Every structure is written in structure tokens, then in C-alpha cells.
Amino acid sequence: MQVGGLAQTVAPNSIFRKQVEALSGETISACFQCEKCTNGCPVTIAMDIAPHKLIRSIHLGLKDEVLQSDTIWVCASCETCTTRCPNDIDIAHVMDILRQLSRSQGVKDSQKNVPLFHSAFLTSVRWYGRLHEMTMAVIFALKSEGMTGLAKQANMGVEMMRKGKIKLFPSRLLAGRQVKAMFRQSERRQKT
Amino acid sequence: MKISYYPGCSLDGTAREYKESLESVAKILGIELEELHDWTCCGASSGHVTSDKLGVALAARNVVIADKIGKDLLVPCAACFLRLKTAEKELKAGNQIEGISYKYQGGFNIKHSTTFFREAISEKVLTARVKKPLYGLNAVCYYGCLVTRPPKITGAKNPEDPQDMDELMTILGASVKNWSYKTDCCGGNLILTHPEIARNLIKKLLDMAEEAGADCIIVGCPMCQSNLDTRQKEISRDNGGKYSIPIFYFTELMGLAFGEPSTGKWLNRHLTDTKALLKQKGLL
Ligand code: SF4
Ligand code: SF4
């Protein structure tokens, strides 16, 4: 088969499929390649491996190709594939699992903005218990492109501020401690 | 009627006008909203991408607060709605959730705002409140992804062709057009990480709304509103067009139809002008 435009001979190996199935609870092996997922996907144009091929690649055990694909980071989590799959495979959830696996393996540079966005988002939630949009936007801009990134976002920021859409200070919550504890527990689990 | 209410983080910031309009409209209709005490972020776009367990835990904390009250929970943001529904499913199944030890009762429903307002208030009551019918307003209703998908979690009856906002707006007098992009994706947070991809998706929606004969788009999600409303300048710049289609929250138009005086203040917060159209239609 072809993955990312490269023809290669593949010796199927079920280890990776079993790992993804165990983590996601989804039956990857039920896929019969009807391509419904791909046909409804709004962002295939920016993907290197179309969704149905990604599922097939998991089946074949092409772990590196899958975890280093653009596809898993370009996916918008729109849930169309999940809704339409005739075999009830929650493909959007499989994408989540692949992103989680990919992070520990190192994400390629061209896609690193996506995990940076998610970590900026969660940093703000961890600090304040709620998302503070401005904190998230500033952390993301700085981490993705440094001062250039900040300058790029600044125009939109100023316009939004003028319209009263920016909340300057985060809320202070009593529940902040409970949320921090959830993050700590999640980290402990990932280390073990 | 008294119900629980989870505003979610965006309604405190970029979607302030959604919060204010929703709360005003509820008040006019005699619905008392009880904001969940000390609610926290549901994890939204990032929790489930980072860790399944953390994603569920962040949302479940709020579902548990609502469970203790036992009244239906109103959720205005589509992403929050799906996260809370996902956590509800885990709680109902009795699955172990990190950081939560609680015996779940489950005697209440989680409702997205579009469904809630359509189901909870009869057509008669709505019509009786209308002071200024939205006659002449040609609109398409845009639901985005997560109000209906995936239906096995959201419980949506008609996931590819939802009707709640269409029916609400028709009752208020708007001329609601048919289109096949109701539940297409606006790109969500790709607008920050892959802006080119998101802008293409947004452009498609704006183009298709126009083709359907609409002069505005009506939404019920802060992410959809923000993507459609705030990027029209960039899209015009890149494509040489002149995009200027007002993007209304359905609650703002309810406020307008009910003659709520704060409507002008809400509309002032949009980046794409809304007032020229409403004046032209004699609605403002
Ligand atoms: S829709 Fe389901 S069965 Fe069809 S190709 Fe995609 S994953 Fe396979
Ligand atoms: S969830 Fe991802 S893969 Fe599935 S249709 Fe949406 S963007 Fe495509």
C-alpha cells in the first residue's frame, strides 16, 4: 500500500493495532474500508494520510507512519467520521489516542503548534480552574513563534479589546485546588 | 421554571454577548437560571486530546455538581455540551473517574441551549412575547459540529439536519432558508494552529450562506460565532472579496424580537457589523 505517497511493502503486525484498540476501546479491525470517514472529513486536503488509510495503517502496524502523520494534528475533532462509520468505530476518539501516543514519541516540527496550543489551554485551566482566553493566547503565541507570534496575534487582540471581548483578569475560584489535583493525578499516572 | 446553568469559559470572555443575551431572554421567559456554584473548565478542546482520563475528570466535576441539584442543566457552548455529555455517560456507567468519588443519581438531563429553548417554551408563549417580529430577515441557522455529533452521545434526533434553531427563528418571524451546511465544521481551534485551513472552511460557510439567499447566519456556539464573525476581514483580504455577513447568536435575535433594550449593546461587540442590516430591515 501507499502511505504518505510512498509505496512500500508491509509485513502486517498486529501489536500496534492491539495497543490502540486497548487504549481506545474501539474495534479497529471492524473497518472494511468503505471510505465514508474520508468522504465526510472537512480537512482531508491538509492530511498526508486520509482517515480510512490511517485506520488501515493502524491495522497493518505502521506505527511510526501513523504517529508521525500530519493527519492526527490536522483533524479538527468534528466527529463526522465517528457519526457516519457503519461499523461504529469512534474514529475521532482514535485520533485522540494517537495524539496522546504521539506526544510521548516526539511530534514533528511542522505540527508542533497543535500540542503547544493544547498545553497553553490546559496551563491556563490548571492555574485558574477555568480557561482564561488571554492567558492562553499569550502563552500559545510566545511558545509557537516567540515575539513574532505575539505581534501577529496583537492586532486581533486590540480589536477584540476595543469591542469589550477580552476579560483582562482571570476568575479566582475556590475549586482551583481540586482542578490542580486532577492535573497532578493525571501526571502521576502518565509517569507510572 | 428553575434550571441549572453551566456558562462555560468563553461566555466569560469573547462570548460575553451570548451570556448576557441568554440570561436576559431566560428572564423574560420566566426561567430562573441557577449557575453551578464554583464551576470549572470542562476541558473543552484540549483535555481529551491530552489524556482521556483528565478530559473526563475535568468535565465530570461539573456534572456531579449538577447531579446534586438534580435539575436539568443548560449548556450554551457546543464543545462544553459534548464534554459534559461524555462525562455523564461515564458517570452513568459507574466507571471510575480520577479525583471523583461520588454516587451518581442521574435524574436530570443535560441540554444544549438551542434544544432547551425550543423544547421548554411553547410556541404560544414565545409568540406572545414577540414585540418586534423578525420579518424580512433572511437567515440560515448554523449548528456546527458538537451540538449534534456524535448522536450516540448527544442524543440528537436528526444529527445531519437539526431543526431547533430553524423552528425558533421561524416562530420569531425570520425567513429561514434551507442549506446543507448546518453541521459542517468551522475549523474550531484550527483557527489558531492551522489558520489557513480554518479560513477555507469559514469561507465556504460564508459563501454557501450567501448562495442560500441568507443575509445573516444564526449560531448557538461561541467557537462558531467567533470563527465566523472575527475572520471576515482576513478572508476578504486573502480572496479579494468583500465579506460582511452578520453572525448572530440566536439569543440576541430572541432579545431583539422581545424588544429587550440591551440588544444594541450586545450587537456592538461583534467584529462584523450587524446594525446596517437590521436598520435596513427596519428592525433597529
Ligand atoms: S467509515 Fe468506518 S468502516 Fe468505513 S473506512 Fe472509515 S473507519 Fe473503515
Ligand atoms: S473528526 Fe477529524 S478525521 Fe474525523 S471527519 Fe472530523 S476532522 Fe476528519
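Among helices (runs of 4 or more DSSP H) lying entirely in segment B:153-213, which contain 3 or more residues that are without any contact (Cβ under 8 Å) to a residue 12 or more places away in the chain? Walk me through it before giving the result.
Values: elements: B:164-171, B:190-193, B:195-211.
Because the criterion is at least 3 residues that are without any contact (Cβ under 8 Å) to a residue 12 or more places away in the chain, the helices (runs of 4 or more DSSP H) in segment B:153-213 that meet it are B:190-193, B:195-211.
Would you check if there is a residue in segment A:3-26 being near ligand 1 (Cβ under 9 Å from one of its atoms) and either farther than 29 Å from residue B:154 by Cα or modelled with pLDDT of 95 or more (or both)?
So in segment A:3-26, the residues near ligand 1 (Cβ under 9 Å from one of its atoms) come out as none.
No: segment A:3-26 contains no residue that is near ligand 1 (Cβ under 9 Å from one of its atoms) and either farther than 29 Å from residue B:154 by Cα or modelled with pLDDT of 95 or more (or both).
Among the listed residues A:144, A:102, identify the single one that is surrounded by 14 or more Cβ atoms within 10 Å (Cβ to Cβ), in a helix (DSSP H, G or I) and within 9 Å of another protein chain (Cβ to nearest Cβ). Steps first, please.
Working: A:102 fails: within 9 Å of another protein chain (Cβ to nearest Cβ).
Selected residue: A:144, the only one of A:144, A:102 that is surrounded by 14 or more Cβ atoms within 10 Å (Cβ to Cβ), in a helix (DSSP H, G or I) and within 9 Å of another protein chain (Cβ to nearest Cβ).
Restricting to segment A:25-51, name every residue that is under 17 Å from the mean Cα position of the chain (by Cα) and on the phi > 0 side of the Ramachandran plot.
Within segment A:25-51, no residue meets the criteria.
Looking at segment A:52-96 only, could you name the residues that are more than 11 Å from ligand 2 (Cβ to nearest atom), over 15 Å from the mean Cα position of the chain (by Cα) and farther than 18 Å from residue A:25 by Cβ?
In the first step, residues of segment A:52-96 are kept if they are more than 11 Å from ligand 2 (Cβ to nearest atom); the result is A:53, A:56-70, A:86-88.
Filter again for over 15 Å from the mean Cα position of the chain (by Cα), leaving A:53, A:56-65, A:86-88.
Residues satisfying the conditions are A:53, A:56, A:57, A:60, A:61, A:62, A:63, A:64, A:65, A:86.
Restricting to helices (runs of 4 or more DSSP H) lying wholly in segment B:1-115: which have 3 or more residues that are of a type in the set (Asp, Glu)? Give the steps one after another, and end with the answer.
Numbers: elements: B:16-28, B:44-50, B:52-69, B:78-92.
Filter on segment B:1-115 gives B:16-28.
For residues that are surrounded by 22 or more Cβ atoms within 10 Å (Cβ to Cβ) and either farther than 21 Å from residue B:79 by Cα or of a type in the set (A, V, I, L, M, F, W, C) (or both), tally how many sit in segment B:217-238.
Total meeting the criteria: 8.
Considering only residues of segment A:172-192 that are within 7 Å of chain B (Cβ to nearest Cβ) and assigned to a loop (DSSP other than H, G, I, E, B), which is nearest to residue B:62 (Cα to Cα)?
A:175
Would you please name the residue that is nearest to residue B:151 (Cα to Cα), looking only at residues in segment A:41-51 that are more than 6 Å from ligand 2 (Cβ to nearest atom) and in contact (Cβ under 8 Å) with a residue 40 or more places away in the chain?
A:49
Of the residues that sit in segment B:27-75 and are within 8 Å of chain A (Cβ to nearest Cβ) and on the phi > 0 side of the Ramachandran plot, which one is farthest from the chain's Cα centre (by Cα)?
Checked segment B:27-75; the qualifying residue farthest from the chain's Cα centre (by Cα) is B:38.
Given the structure, is residue B:86 β-branched (Val, Ile, Thr) and in the same structural domain as residue B:16 (by TED's automatic domain parsing)? Break it down into steps so the answer makes sense when it comes.
Values: β-branched (Val, Ile, Thr): yes; in the same structural domain as residue B:16 (by TED's automatic domain parsing): yes.
Yes: the conditions hold for residue B:86.
Is it the case that residue A:157 is among the small types (Gly, Ala, Ser) and facing chain B (nearest Cβ under 8 Å)?
Values: among the small types (Gly, Ala, Ser): yes; facing chain B (nearest Cβ under 8 Å): no.
No.
Among helices (runs of 4 or more DSSP H) lying entirely in segment A:32-81, which contain 2 or more residues that are within 14 Å of chain B (Cβ to nearest Cβ) and over 15 Å from residue A:108 (Cβ atoms)?
Values: elements: A:36-40, A:51-60, A:63-67, A:71-74.
Filter on segment A:32-81 gives A:36-40.
Does residue A:89 fit the bill of being within 30 Å of residue A:11 (Cβ to Cβ), surrounded by fewer than 24 Cβ atoms within 10 Å (Cβ to Cβ), within 12 Å of ligand 1 (Cβ to nearest atom) and modelled with pLDDT of 95 or more?
Details: within 30 Å of residue A:11 (Cβ to Cβ): yes; surrounded by fewer than 24 Cβ atoms within 10 Å (Cβ to Cβ): yes; within 12 Å of ligand 1 (Cβ to nearest atom): yes; modelled with pLDDT of 95 or more: yes.
Taking the combined requirement at face value, the residue satisfies it.
Which one is farthest from residue A:117 (Cα to Cα), of the residues in segment A:22-31 that are more than 15 Å from ligand 2 (Cβ to nearest atom), within 14 Å of another protein chain (Cβ to nearest Cβ) and assigned to a helix (DSSP H, G or I)?
Among those that are more than 15 Å from ligand 2 (Cβ to nearest atom), within 14 Å of another protein chain (Cβ to nearest Cβ) and assigned to a helix (DSSP H, G or I), it is A:22.
With A:165, A:152 as the choices, which residue is modelled with pLDDT under 80 and either under 28 Å from residue B:266 (Cα atoms) or not polar (S, T, N, Q) (or both)?
Values: A:165 fails: modelled with pLDDT under 80.
Answer to the selection: A:152.
Taking residue A:69 and the conditions (1) closer than 23 Å to residue B:181 by Cβ; (2) within 16 Å of ligand 1 (Cβ to nearest atom), which numbered condition does it fall short on, given that it satisfies the others?
Going through (1) closer than 23 Å to residue B:181 by Cβ; (2) within 16 Å of ligand 1 (Cβ to nearest atom) one by one, residue A:69 breaks only (1).
Quick check on this structure: which one of A:74, A:114, A:94 is at pLDDT 95 or above, within 16 Å of residue B:189 (Cα to Cα) and aliphatic (A, V, I, L, M)?
On the way: A:114 fails: at pLDDT 95 or above; A:94 fails: within 16 Å of residue B:189 (Cα to Cα).
After ruling out the rest, the residue left standing is A:74.
Name the residues in segment B:247-284 that are part of a loop (DSSP other than H, G, I, E, B), away from chain A (no Cβ under 13 Å) and of a type in the set (A, V, I, L, M), would you?
Matches in segment B:247-284: B:283, B:284.
Report whether or not residue B:193 is at pLDDT below 95, within 9 Å of chain A (Cβ to nearest Cβ) and surrounded by 21 or more Cβ atoms within 10 Å (Cβ to Cβ). If you could, list the steps in order and put the result at the bottom.
Values: at pLDDT below 95: yes; within 9 Å of chain A (Cβ to nearest Cβ): yes; surrounded by 21 or more Cβ atoms within 10 Å (Cβ to Cβ): yes.
Considered against the rule, which asks whether it is at pLDDT below 95, within 9 Å of chain A (Cβ to nearest Cβ) and surrounded by 21 or more Cβ atoms within 10 Å (Cβ to Cβ), residue B:193 comes out as yes.
Test each condition in (1) crowded, with 23+ Cβ neighbours inside 10 Å; (2) within 16 Å of ligand 2 (Cβ to nearest atom) for residue A:125 and report the one that comes out false.
Single failed check for residue A:125: (2).
Failed condition for residue A:96, given (1) away from ligand 1 (no atom under 16 Å from the Cβ); (2) at the interface with chain B (Cβ under 10 Å from one of its Cβ atoms), with all others met?
The failed condition is (1).
The values are calculated or read from the model by the stated rules, or taken from the named source; none is laboratory data. These figures come from a predicted structure and were not determined experimentally. Using ideal geometry, Cβ is built from the backbone for each residue, glycine included, and neighbour counts are taken over all protein chains shown.
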